[in-house]
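None of the figures in this text is laboratory data; all of them are computed from the coordinates on show. Because the structure is predicted, anything quoted here is derived from the model rather than measured. Counting neighbours? That spans all protein chains shown, and the Cβs are built from the backbone with ideal geometry, glycine included.
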Amino acid sequence: MSVDPQTLAAICVMALATAFNRSAGFFLMRLIPVTPRVRRVLDCLPGAVLVALLAPGAVHGDAAMLAGLGAAFLAAKLTRSDLLAVVAAMATAAGLRALGI
């Protein structure tokens, strides 16, 4: 099995960009005072990321993604846990994909 050099270069560049963005976020957040308003924004980020990942597929008719989005919403409302919402979304979408839906 051979790896295309351009593909490998693209993966490396994306990995470096991701590492830079993550570390820059940590350094920049040291400079921002965590007020109640900033805390509310930070608390909303996990849900926003989950919706950003699932919504495009759900809008374009992917039944597994739509069910995963519904499961995440339901789990988040019932448990108030972002982790359980992510697990519910992944399990639902993976289960439906395994069934061929």
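With +1 on the Cβ of every Lys and Arg and -1 on the Cβ of every Asp and Glu, and nothing else charged, how large is the dipole of the chain about its Cα centre, in debye rounded to the nearest 20? Don't jump to the answer; show the numbers that get you there.
Working: 8 positive and 4 negative charges, 101 e Å.
Here the chain has a charge dipole of around 480 debye.
Summarising the label geometry, the points placed 7 Å from Cα in the beta-carbon direction at A10 and S81 lie 3.8 nm from one another. In order along the stretch 33-38, the phi-based Karplus estimate (6.51 cos²θ - 1.76 cosθ + 1.60, θ = phi - 60°) of 3J(HN,Hα) comes to x, 8, 7, x, 5, 5 Hz; Gly and Pro are listed as x. Each 10 Å bin from 0 upward holds the following percent of the Cα-Cα pairs of the chain: 14, 28, 28, 25, 5, 0.
Extension gain, R97 to T35: 0.36 nm times the residue separation minus the Cα-Cα distance gives 18.1 nm.
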